[in-house]
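The block underneath contains the structure these notes are about, expressed in structure tokens.
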Amino acid sequence: MVATVREWVARDVTPNASALEQADEFPAEMVEQLKAFGLFGSKIDPTHGGLGLDTLTYARVVEELAYGWMTLSGVVNTHTIVATLIERQGTAEQKDRWLPKMATGEWRGAFSLSEPDAGSDAASLRCRAERDGDEWVINGTKTWVTNGERASILALAARTPEGITCFIVEKEPGPSHGGITVSRNIDKLGYKGIETVEMSYVDHRVPADAVLGGDDRLGRGLGDVLGALEMGRINIAARALGVARAAFDAAMAYSFERETFGRPINQHQAIAFKLADMATKIEASRLLVRSAAEAADAGRRADVEAGMAKLYCSETALEVATEAMRIHGGMGYVKDLPIERYYRDAPLMLLGEGTSEIQRMVIARGLLSRWQAEHS
Ligand SMILES: Cc1cc2nc3c(=O)[nH]c(=O)nc-3n(C[C@H](O)[C@H](O)[C@H](O)COP(=O)(O)OP(=O)(O)OC[C@H]3O[C@@H](n4cnc5c(N)ncnc54)[C@H](O)[C@@H]3O)c2cc1C
């Protein structure tokens, strides 16, 4: 699977990514190919039509997609978080209803936790759902919903009398559906070609069985959602690794081509040492992604490992993209080469699925509780 995706990325994605990204155009044909590979079912069990990939293989596939264009890994990511949530917490009936269509990519998923006044502090979210007979009525504003407009299925965190509850909201792809309106398409620095939108809910009605996991899980949604973000963080780490590798390879190739003072620039120690540091950090990133993916595959708690991988890989991606740009001199600053794209795409990984500051909090909290469990 990894080799197949790598080959396709080299042939069809890398040569076309910059033109699509500069036009901010949704990569419709590439998404069809992702469907054909079965990648929307990466983490869905084969009983529901998915590939049931282990996390390590999934992470390696994500890395290959991001090597060509980070946006492609984003198309798959929020979808996989939603699928993971349903796999883990959904009732048998909910899995039968949603997972087969998600596995083929016919239904694409979006993940909707963040709000204008609730990002890192997700527990302060205000979107609310009130029970009315056999239905729930949802009101509120969600923002940063990646894939929100094209999605057919949204995992939505909302406040209910019992606490925060996760709803699975079905919708028609497009700018509006029932009481849901895409109120703004957010114009971003990078991560182009994929929509990230603000969505408003005004008296939007969903059936009672839209509560993920049924009424037993009312008020337990925040824990469920944050648990699924572990998979999202491994995805972001792998994505960052892909971008860092792409930037490094470009810098390496350029360092042989470009000559100054009568020799290739990689013969100047200042440039060679940059390449050495970049390669070392990329290798460390690779090992951290593997460690997090293996912990998840072993069924162990992977909060610390996923947090470490996400923190280190995202910081590395930005550093490597910056150094790659500097190695390119003036050519790193023009749209003729993909270097400036890596430089604009990399910072997102510091933010999505929790900022670096939040990862440090997650890592520290996990370390302290593991220490106490082992030493008490
Ligand atoms: C392009 C893009 C796509 C996204 N896609 C999605 C999506 O699909 N679904 C979704 O739900 N969300 C999505 N997000 C939202 C993303 O998860 C949030 O932006 C992120 O969690 C940070 O929240 P915030 O932007 O509100 O920053 P804030 O929470 O306002 O943080 C501002 C700053 O304060 C720091 N900070 C906050 N609290 C603390 C603390 N306790 N200690 C130390 N520092 C702190 C932060 O690290 C940051 O530096 C997306 C964001 C972007 C930019």
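Per-structure values
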item	result
Region 109-219 - Rg and Dmax from Cα coordinates, angstrom	13.4, 44
Amide H within-cut-off set for residue 136, under 5 Å, with H built and near neighbours excluded	206, 208
For region 162-183 versus region 270-294, the gap between their alpha-carbon centres in whole angstrom	40
Cut-off under 5 Å, modelled amide H: who pairs with residue 108 long-range	152, 153
Viscosity 1.002 mPa s, 20 °C: Kirkwood-radius Stokes-Einstein D of region 154-206 over Cα pairs, µm²/s	168
Helix 70-89 axis, angle to the chain major axis (alpha carbon atoms, nearest 10°)	30
Helix 221-257 axis, angle to the chain major axis (alpha carbon atoms, nearest 10°)	20
Point-charge dipole on Cβ atoms (K/R +1, D/E -1) for region 187-272, about Cα centre, debye to 20	460
Paired Rg and Dmax values of region 170-258, which use every Cα atom, in angstrom	20.2, 64
Rh by Kirkwood over Cα pairs, then Stokes-Einstein D for the chain at 0.692 mPa s and 37 °C, µm²/s	154
Relative contact order [Cα under 8 Å, 6+ residues apart], region 258-323, whole percent	29
Nonlocal amide H pairs with residue 183, under 5 Å, H built at 1.01 Å	198, 199, 200
Selection of chymotrypsin sites (Phe, Trp or Tyr not before Pro), region 252-329, meeting DSSP coil and at most 13 other Cβ within 10 Å	261
Stokes-Einstein D in µm²/s, Kirkwood radius over Cα pairs - region 196-348 at 25 °C with 0.890 mPa s viscosity	136
0 to 90° range, to nearest 10: angle between helix 356-375 axis and the chain longest Cα axis	70
In sequence order, calculated HN-Hα J values of region 167-180 (Karplus, 6.51, -1.76, 1.60; Hz; x Gly/Pro)	10, 9, 9, 8, 8, 6, x, x, x, 8, 7, x, x, 9
Long pairs among 35/142; 95/192; 43/281; 142/192; 43/335; 43/310, criterion Cα-Cα beyond 30 Å	95/192; 43/335
Net charge of Cβ neighbours under 13 Å - reference residue 85; Lys, Arg +1; Asp, Glu -1	+2
Ranked packing of 124-132, 161-169, 77-85, most packed first, by mean Cβ within 10 Å	77-85, 161-169, 124-132
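Read-outs throughout are calculated quantities, based only on the coordinates presented, and are distinct from any laboratory measurement. The shown structure was predicted, so the numbers you read here are calculated from the model rather than taken from an experiment. Note: ideal-geometry Cβ built from the backbone for every residue, glycine included; neighbour counts use all protein chains shown.
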